[in-house]
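Structure, as structure tokens:
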Amino acid sequence: MKPEYCPVNKGTQNAIMTDSELILGCKKGNSACEYELFRRYGGRLFTVCRRYARHSMEAEDWLQDSFIRIFEKIDQYRGEGSFEGWMRRVTVHVILKKIKKSQYQNEQYPEDGLPDQGVSPDALMLLSEEEILDLIAKLPDGYRVVFNLAAIEGYSHKEIAEMLGIQEVTSRSQLAKARKWLQREIVKNNSEKIRTA
């Protein structure tokens, strides 16, 4: 019987596998290729999960479920467009299903204290990537999901409405409130940094 295909078995341990080689190995169910795919892209997809999750443990669970789904659906990837983009879309769909199962609600929060004007781009420069992710994670669930889908993933309000089973106007409203909430938190965070410096 022919040995299972995997570029790792070529005998050159230091050779870097291409995505095409990894995809072929994963389509054949090769665990070494699956491990390498996870090693290569796990961190980036964890960041996607983290932006939607309330905490790191939830993001880790979603990442694991996303890779299970990626390996189940990898035969559907036809080589059109970015493979990383395809995995990202699979991950977002897994996340949205998890959110819906946890009885996703569009929270209504009072807007008291939310600023009407934007925050200076310089204000963002004071924050690390980790601090920005922490702020996004603190957004109320409905705000966080819509903010990620619209502002980061680039979905239209029509697409978001269809994905979440809400009205377009609700999507627009949630995004506007999410932005105001983040602006307030950025101002507060930077004020604390300046005070303690």
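Scanning the stretch 149-172 for residues that are buried (at least 18 other Cβ atoms within 10 Å of the Cβ) and over 18 Å from Y52 (Cα atoms) turns up nothing.
Against the condition in contact with a helix residue (DSSP H, G or I) (Cβ under 8 Å, 6 or more places away or on another chain), over 20 Å from V90 (Cα atoms) and part of a helix (DSSP H, G or I), how does R144 come out, does it pass? Spell out the reasoning first.
On the way: in contact with a helix residue (DSSP H, G or I) (Cβ under 8 Å, 6 or more places away or on another chain): yes; over 20 Å from V90 (Cα atoms): no; part of a helix (DSSP H, G or I): yes.
Against the criterion (in contact with a helix residue (DSSP H, G or I) (Cβ under 8 Å, 6 or more places away or on another chain), over 20 Å from V90 (Cα atoms) and part of a helix (DSSP H, G or I)), R144 does not qualify.
Set side by side, the residues P115, P110 differ, and just one is at pLDDT below 95, surrounded by 13 or more Cβ atoms within 10 Å (Cβ to Cβ) and not in a helix (DSSP H, G or I), which is P115.
Residues I68, I23, I16: which one is part of a helix (DSSP H, G or I), without any contact (Cβ under 8 Å) to a residue 40 or more places away in the chain and of a type in the set (V, I, T)? Quick ask: steps written out before the conclusion?
Working: I23 fails: without any contact (Cβ under 8 Å) to a residue 40 or more places away in the chain; I16 fails: part of a helix (DSSP H, G or I).
When all the criteria are applied, what remains is I68.
The values are calculated or read from the model by the stated rules, or taken from the named source; none is laboratory data. Fair warning: this is a prediction, and the values are worked out from it, not measured in the lab. Quick reminder, even Gly has a Cβ in these numbers, built from the backbone with ideal geometry, and neighbours come from all protein chains shown.
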